[in-house]
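Just so it is clear, none of the values below were taken in a lab; they were calculated from the coordinates. Keep in mind that what you see is a predicted model, and the values were worked out from it rather than measured. All Cβ positions, even for glycine, are placed from backbone atoms using ideal geometry, and neighbour counts span all protein chains on display.
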Amino acid sequence: MHVGLTQVLILSALLFCIGLYGILVKRNLFAILMCIEIMLNAVNINFAAFNYFLPMPDLSGQVMMIFSITVAAAEVAVGLAIIFKIYHDFKTVNIDKINNMKG
């Protein structure tokens, strides 16, 4: 069975929509961070699909994918550090209970 560009793009769009839905619905900061990662993985699938299916001989899709994975790893590290600091200060990771903005 051959998988075409359309099927891969549909899969990527579904993953992106699942991540977006999770960001809009979830109240837990860890779940929101994981949904952001799902969205970034959907973008990486798009890069890989276009690089594989389009007749261009360059490696720009793979380079962008590696760059995106690197940025996602840094985003996870910074996001987890922020979440741990929020938990240390507020003793919760629920965004509805974190409304104390000190200026």
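In the chain, the calculated helix contribution to ellipticity at 222 nm averages -26500 deg cm²/dmol per residue, counting -39,500 (n - 2.57) for every DSSP H run with n ≥ 4.
Compared with the dominant Cα axis of the chain, that is its longest principal axis, helix 5-25 is turned about 10°.
Highest mean packing first, where packing is the average number of other Cβ atoms within 10 Å per residue, the peptides 28-38, 48-58 line up as 28-38, 48-58. The phi torsions of the range 47-64, fed into the Karplus equation with coefficients 6.51, -1.76 and 1.60 and a -60° offset, translate into couplings of 4, 5, 5, 5, 5, 7, 8, 7, x, 7, x, 7, 10, 5, x, 5, 5, 5 Hz, rounded to whole numbers, with Gly and Pro shown as x.
Could you let me know the centre-to-centre spacing of the range 1-20 and the range 41-103, using Cα atoms, in angstrom? First find each Cα centre; the distance between them is then 19 Å. A straight chain from His2 to Ala81 at 0.36 nm per residue would run longer than the Cα-Cα distance by 24.2 nm.
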